[in-house]
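Encoded as structure tokens, the structure appears first; notes follow it.
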Amino acid sequence: MKQSKASTATIARPRPPTKAAANKASAKKASAKKPSAKKDAPGAEERTRMKRSDYEDELEKLHVELVKLQQWVTAKGLKVCVVFEGRDTAGKGGTIKAITERVSARVFRVVALPAPTERERSQMYIQRYVRYLPAAGEVVIFDRSWYNRAGVERVMGFADEATVHTFLQIAPLMEKAIVKSGVILLKYWLEVSEEEQGRRLKERANDGRKIWKLTPMDLKSYSRWYDYSRARDDMFAATDTPHAPWYVARTDDKRRGRLNIIQHLLDHVPYEAIPRKKVKFPKRQKRGGYTPLDHPYKFVDERY
């Protein structure tokens with residue numbers, strides 16, 4: 001007796017998928033689980049992480065250029081002010097270290113102010129920052145700046161809305177005065193995604209080298225992502241001006257972010273390589289009558 005077509009269809013078993021089809025399905029499933037880039041982050045998109053070897057090769061080249069910039073700044077008396085802002089874990093500290101590790105601390109000065117003292121609280125707000133602005137031959141880097149008022153102070157309730165509004169009105173005028181005085185002012189906002197920020201904060205909690213970076217303020221800010229987003233948006237709307245624009249750097253990939261910022265800095269501070277004479281070392285003096293001191297030196301233990 002012949003089976004009906006309907007009966008045959010009911011008991012028919014599907015063929016096992018081919019290896020290629022299985023791989024395709026697996027990749028599709030993994031892609032579905034992968035979090036998408038948040039629209040909240042300006043210009044957010046998935047990018048391949050840069051290899052350490054490639055990063056170090058490029059950074060070495062940029063360090064050479066930063067030394068040339070340093071020599072030009074000191075020779076020509078340039079005044080450069082660089083402001084770094086961004087959410088917690090965005091990479092401000094690492095970027096500043098990458099900029100300054102091969103140049104002189106006497107020329108590249110880093111300003112990272114603690115909480116204001118009682119006296120400073122009684123002063124005009126911007127007063128404590130103005131004193132650190134560069135003189136001729138200096139590059140001053142602010143690791144957070146006067147924009148604390150528009151960011152952390154606003155979100156955490158240290159400054160009321162009226163105070164913040166006043167600051168956002170005054171900041172562009174103050175920056176115009178800074179630029180008019182001959183200072184090259186560069187303002188960088190480091191943008192990190194919500195997922196990457198969460199990963200970095202959790203990494204700090206489990207790394208003995210980074211635990212000091214995880215403060216109660218960081219934990220509070222972690223829960224207020226969109227409050228910071230609104231504060232950032234208001235800050236950009238009020239202070240992204242032709243004379244002192246904001247430059248946004250994506251820093252989910254810290255290595256790419258650092259290199260992009262350093263290259264941008266070099267592009268926006270005019271400089272030239274100063275010709276140097278070929279280095280010729282003089283001959284060392286002869287021993288003469290020198291006799292080494294017979295002294296019980298206390299040497300550091302050589303454990304490595």
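Filtering region 251-304 to residues that are polar (S, T, N, Q) and in a loop (DSSP other than H, G, I, E, B) leaves Thr251, Gln285, Thr291.
State all residues of region 88-125 that are over 28 Å from Leu214 (Cβ atoms) and surrounded by fewer than 14 Cβ atoms within 10 Å (Cβ to Cβ); if no residue qualifies, say none. Answer for region 88-125, where residues must be over 28 Å from Leu214 (Cβ atoms) and surrounded by fewer than 14 Cβ atoms within 10 Å (Cβ to Cβ): Ser104, Arg106, Arg119, Ser122, Gln123, Met124.
With respect to the conditions (1) exposed (fewer than 12 other Cβ atoms within 10 Å of the Cβ); (2) of a type in the set (A, V, I, L, M); (3) in contact with a strand residue (DSSP E or B) (Cβ under 9 Å, 6 or more places away or on another chain), Ile211 lacks only one, and its number is (3). Residues in region 54-87 that are hydrophobic (A, V, I, L, M, F, W, C) and within 30 Å of Ser193 (Cα to Cα) were compared, and the one that is surrounded by the fewest Cβ atoms within 10 Å (Cβ to Cβ) is Leu59.
One residue stands out among those in region 249-304 that are among the aromatic types (Phe, Trp, Tyr) and within 36 Å of the chain's Cα centre (by Cα): the one that is surrounded by the fewest Cβ atoms within 10 Å (Cβ to Cβ), which is Tyr304. Among the residues here, Leu214 qualifies as touching a residue at least 12 places away in the same chain (Cβ under 8 Å) and farther than 17 Å from Val80 by Cβ.
For every residue, the table says whether it meets (1) under 13 Å from the mean Cα position of the chain (by Cα); (2) at pLDDT 95 or above; (3) under 28 Å from Tyr271 (Cα atoms); (4) not charged (D, E, K, R).
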site	(1), (2), (3), (4)
Asp88	yes, no, no, no
Thr95	yes, yes, yes, yes
Ile99	yes, yes, yes, yes
Arg106	no, yes, yes, no
Ala112	no, yes, yes, yes
Val130	no, yes, yes, yes
Pro134	no, yes, yes, yes
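Determine whether region 221-233 contains at least one residue that is of a type in the set (S, T, N, Q), in contact with a Pro (Cβ under 6 Å, 6 or more places away or on another chain), touching a residue at least 24 places away in the same chain (Cβ under 8 Å) and surrounded by fewer than 18 Cβ atoms within 10 Å (Cβ to Cβ). No, the conditions are met nowhere in region 221-233. The number of residues in region 147-163 that are without any contact (Cβ under 8 Å) to a residue 60 or more places away in the chain and either touching a Gly at 6+ places or on another chain (Cβ under 8 Å) or assigned to a helix (DSSP H, G or I) (or both) comes to 5.
The values are calculated or read from the model by the stated rules, or taken from the named source; none is laboratory data. Here the structure is a predicted model, which means the values were calculated and not measured. No Cβ is skipped: glycine too gets one built from the backbone with ideal geometry, and neighbour counts run over all protein chains shown.
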